[in-house]
Amino acid sequence: MSKFHLRDISERLTSSLDLEGVIDQLLAYLRAVQPDWHPTLAFYEGSRDSFVRVYAREHGRLERRDLVVPVDQLPARLVRKFFQPSAFFNADGRRSFLA
């Protein structure tokens, strides 16, 4: 059974008026469910092969950081987790969703 209550998530997201409102509600919900987490959301732009935006909640409000971090500058272990599902499951036959 999931710890995340889909009805609660749906109600929070429905009350949001724009993309940043949805992100804010999602991060607030994750923090409320697991107070020791500090969830963030990063946007990946395929045409630039880079992460271009990061959202996090700081002091109760949404913070947006615009940046450009090319994937080839990330630590290899982190890149494997994003792009190679076998890094999580050690299964050779799985394909990446982002490939």
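The values are calculated or read from the model by the stated rules, or taken from the named source; none is laboratory data. Keep in mind that this is a model prediction, so the values were computed, not measured. For neighbour counting, all protein chains shown are included, and Cβ atoms are generated from backbone atoms with ideal geometry for every residue, glycine included. When the accessible area is computed, the model is the full protein with side chains, heavy atoms only, and any ligands, DNA or RNA have been set aside. Shrake-Rupley method; radii C 1.70, N 1.55, O 1.52, S 1.80 Å.
For the range 25-45, the set of residues classified as open to solvent by 50 Å² or more (accessible area, probe 1.4 Å) and in contact (Cβ under 8 Å) with a residue 24 or more places away in the chain consists of ARG31, TYR44, listed by residue number.
For a quick check of your reading: which helices (runs of 4 or more DSSP H) sit entirely within the range 1-93 and have at least 1 residues that are aliphatic (A, V, I, L, M) and at pLDDT 80 or above? Talk me through it step by step, then tell me what you get.
Details: elements: 6-14, 19-33, 76-83, 86-89.
Those helices (runs of 4 or more DSSP H) span 19-33.
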